[in-house]
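Below is one structure; the comments refer to it alone.
Bear in mind that the values in this text are calculations on the coordinates, not laboratory data. Keep in mind that this is a model prediction, so the values were computed, not measured. Note: ideal-geometry Cβ built from the backbone for every residue, glycine included; neighbour counts use all protein chains shown.
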Amino acid sequence: MNDVPNRVPSHAPLDAATARSVQDELRSRVVLDESGPTPGTGHVTGVDVAYDDERDVVVAAAVVLDAATLTTIEEVTATGRVEFPYVPGLLAFREIPTVLAALERLTADPGLVVCDGYGQAHPRRFGLASHLGVLTGLPTLGVAKNPFTFTYEQPGPARGDSSPLLDTVDGAEVGRALRTQPGVKPVFVSVGHRISLDNACAHTLHLAASYRQPETTRLADSLCRRALAQATGL
DNA sequence: GCGACAG
DNA sequence: ATCTTGTCGC
């Protein structure tokens, strides 16, 4: 008898060890040889999540923008229960279920999805953006506010300056520290699925015309916070 | 073995 | 992520 079930109830609690094996399994499906959509064309969608761990509520938001004008085409939210704690390296398991629910509510084509977190810049090369890309088949990229366990040299001071984000262990370039605003702390860009690092940075720079964070992230962030406040009841 | 560690 | 007022500045 095999003591490992080949199917698990979708709501069965997932332990950390199992979650890591799921990442190792899905990682082989990541596509890294596509350059991705051209910046400024089609749709770009920002996704983000807000939590109320007290009440066990999580709200995800997805905001679709016209990439050329950065105007909002559609915005949706989805509410769920927190079913996974924050564990470094396993953030996707906490955020993705509700993010998927939000994406399913969209009527517009998401186009490129911009995530709040990492893709390749991950201990097992399978961060939130990679995970969401594999599950949806959509091109994805990750933009994070912190370098996690990776190292980098300070990029130049000008907008657009960047430097490699390196894995401390094997020295691989897992992403890039990108200066989106002059003299402001860089953001950390990495590839999720079906996009090149150069193109991911180009998209991020295009989307961060006025602020440090890309407009997609800013809009999705404020939307899910507002929705959470409403769901929680002020 | 213990701590650090995207959000 | 979240706890949290006013305040400095463009």
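Hey, can you tell me all the residues within segment A:60-86 that are free of Cβ contacts under 8 Å to residues at least 60 places away in the same chain and part of a loop (DSSP other than H, G, I, E, B)? Correct list: A:68, A:69, A:71, A:82, A:85, A:86.
Residues checked against (1) over 15 Å from residue A:204 (Cα atoms); (2) within 16 Å of DNA strand B (Cβ to nearest atom):
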position: A:35; (1), (2): no, no
position: A:38; (1), (2): no, no
position: A:47; (1), (2): no, yes
position: A:52; (1), (2): yes, yes
position: A:57; (1), (2): yes, yes
position: A:68; (1), (2): no, no
position: A:77; (1), (2): yes, yes
position: A:84; (1), (2): yes, yes
position: A:95; (1), (2): yes, yes
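Can we say residue A:127 is closer than 16 Å to residue A:203 by Cα and surrounded by 19 or more Cβ atoms within 10 Å (Cβ to Cβ)? Judged against the criteria, residue A:127 is not a match. Of the residues that make up segment A:158-171, is at least one among the β-branched types (Val, Ile, Thr) and either in contact with a Gly (Cβ under 9 Å, 6 or more places away or on another chain) or surrounded by 18 or more Cβ atoms within 10 Å (Cβ to Cβ) (or both)? No, segment A:158-171 has no match at all.
The single condition among (1) touching a residue at least 40 places away in the same chain (Cβ under 8 Å); (2) out of contact with any strand residue (DSSP E or B) (no Cβ under 6 Å at 6 or more places or on another chain); (3) farther than 20 Å from residue A:124 by Cα that residue A:148 does not meet is (3).
Out of curiosity, is residue A:221 surrounded by fewer than 22 Cβ atoms within 10 Å (Cβ to Cβ), assigned to a helix (DSSP H, G or I) and away from DNA strand B (no atom under 12 Å from the Cβ)?
On the way: surrounded by fewer than 22 Cβ atoms within 10 Å (Cβ to Cβ): yes; assigned to a helix (DSSP H, G or I): yes; away from DNA strand B (no atom under 12 Å from the Cβ): no.
Considered against the rule, which asks whether it is surrounded by fewer than 22 Cβ atoms within 10 Å (Cβ to Cβ), assigned to a helix (DSSP H, G or I) and away from DNA strand B (no atom under 12 Å from the Cβ), residue A:221 comes out as no.
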